[in-house]
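Participant: Sharing a structure below in structure tokens format, with a few things to ask.
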Amino acid sequence: MEAGVEQKEFIRTYPCTSCGAKLSFAPGTRTLKCGHCGTQNSIAGTDGAVEEQDYEAQLKALEGSAETVEEQHVRCDKCGAAQALASGVFASHCAFCGAAITAQGYANRRIKPQAMVPFQLDASAAQQSFRRWIRSRWLAPLDLARYAQTDAALAGVYLPFWIYDCRTSTDYEGQRGTRHDKSTSWVAVSGHIDHFHDDVAVLASRSLPPTLGGAVWRWDTRGLVAYRPEYVSGFRAEAYQIGLKDGFTEARRMIDDRIRNMIRREIGGDEQRIDAVATRYSEVGFKHALMPVWISAYRYRDRTFRFLVNGQTAEVVGESPVAWWKVAILVAIGLVILYFVLRN
């Protein structure tokens, strides 16, 4: 495919056949909908299969090349307003009329998204998930659910991910502990664990604060489909800021933690010590995917708290105020329990 054709297909926008406004993807459907006149267009065709790419081969292909990412200036097709898109964004909304706008930058990246999970929740469903989450904050002030106000609109964003597969072969040495009345006896053990790690997802964006990271690690990757520009239409989409190699460094840290948990289970006993671990990695593959989240903030007593709703699973993570009198009660209960345990 010629570069110009590939770029055009990657960043397409879709005008409404009735009024000419830009169509947006309707979450949970296979439909593009006009926010101006309500016209709906079905997304034709079927979602293709997602193929794994070879990690080592891709690293070799990237050798000697450096990607330059700059702020991009675009013009809205609907109102004509000129505006800047940040270097980490390739799809967004016009700041003046709300129409969908796209930039050329990601189409020039060496690695483009090959897969995605389309939004399954619309803004209304995400708002309902937020309300349920607010009511579940049992350490929060009693009036939080009543007075939490979401003045800021929910923003639908596709975040970039590296999703890795690999096989590991691990040798370990350790000790199995057996508790007695006042001591623990230890026995030296060693073993070997082979394991295939499927779909280890690593966020390739630096735009989220650490307090909002939890919900973006848990995805049902069976929902991955081949990248289609229709699913991005009307949403903000970010380019990767963490490269393929650095992403695998984080994936290895996650995999190593999993392996240590497997070792502890295999050692067994009442307690475990891990003295040495040697792991070999092979058959490393990857997919570059876009994943959906709704991001917003709410106000409570003149303070702002951010939250995020997973656009596939409806899981919510966020910041919330704490009622310290509730914490004090929990601490007091814990001290009372500890007192009676020590007495016995």
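FYI, it's all coordinate maths here, none of it is from the lab. For clarity, every value in this text was computed on a predicted model and none was experimentally measured. Every residue, glycine among them, receives a Cβ derived from its backbone with ideal geometry; neighbour counts consider all protein chains shown.
Participant: Of the cross-linked pairs LYS22/LYS287; LYS60/LYS287; LYS60/LYS112, which ones have a Cα-Cα span greater than 18 Å in the structure shown? Intermediate results must be reported in sequence, preceding the final value.
Facilitator: On the way: LYS22/LYS287 29 Å; LYS60/LYS287 16 Å; LYS60/LYS112 16 Å.
Going by Cα-Cα distance, LYS22/LYS287 fall outside the 18 Å limit.
Participant: Could you tell me which of rounded, prolate or oblate describes the stretch 294-344, using a ≥ b ≥ c as the square roots of the eigenvalues of the alpha-carbon gyration tensor, with rounded for a/c under 1.5 and, failing that, prolate when a/b is larger than b/c and oblate otherwise?
Facilitator: Values: a/c = 7.81, a/b = 2.18, b/c = 3.59.
It is oblate, given that a/c is not under 1.5 and a/b is not larger than b/c.
Participant: Also, I was wondering about something else. Give the shape of the stretch 247-297 as rounded, prolate or oblate, defined through the alpha-carbon gyration tensor: a ≥ b ≥ c are the square roots of its eigenvalues, a/c under 1.5 means rounded, and otherwise the shape is prolate if a/b is larger than b/c and oblate if not. Could you put the intermediate results ahead of the total?
Facilitator: On the way: a/c = 3.49, a/b = 1.73, b/c = 2.02.
Oblate.
Participant: Right, here's the next one. Non-local amide H neighbours of VAL189 (under 5 Å, H modeled in plane, Pro and chain starts lacking H): which ones?
Facilitator: GLY174, GLN175, ARG176
Participant: Please give me the summed charge of the neighbours of ASP54: other residues whose Cβ is under 12 Å from its Cβ, Lys and Arg +1, Asp and Glu -1.
Facilitator: Here the charged neighbours net out to -3.
Participant: From the phi angles alone, apply the Karplus equation (6.51, -1.76, 1.60; θ = phi - 60°) to the stretch 284-289 and give each ³J(HN,Hα) in whole Hz, x where the residue is Gly or Pro.
Facilitator: 7, x, 8, 10, 9, 10
Participant: For the stretch 241-344, what size does the Cα cloud have along each of its three principal axes, sorted from largest down, in whole Å?
Facilitator: Principal-axis extents of the stretch 241-344 (Cα, largest first): 52, 47, 22 Å.
Participant: Could you go through the stretch 236-241 in sequence order and give the Karplus-derived ³J(HN,Hα) for each residue, using 6.51 cos²θ - 1.76 cosθ + 1.60 with θ = phi - 60°, rounded to whole Hz, and x for Gly and Pro?
Facilitator: So the J values, rounded to whole Hz, are 7, 9, 9, 7, 5, 10.
Participant: Hey, what do the phi angles of the stretch 118-131 turn into as Karplus ³J(HN,Hα) couplings, whole Hz, using 6.51/-1.76/1.60 and θ = phi - 60°, x for Gly and Pro?
Facilitator: Computed from phi, the couplings for the stretch 118-131 are x, 3, 9, 10, 8, 4, 5, 5, 5, 5, 5, 4, 4, 4 Hz.
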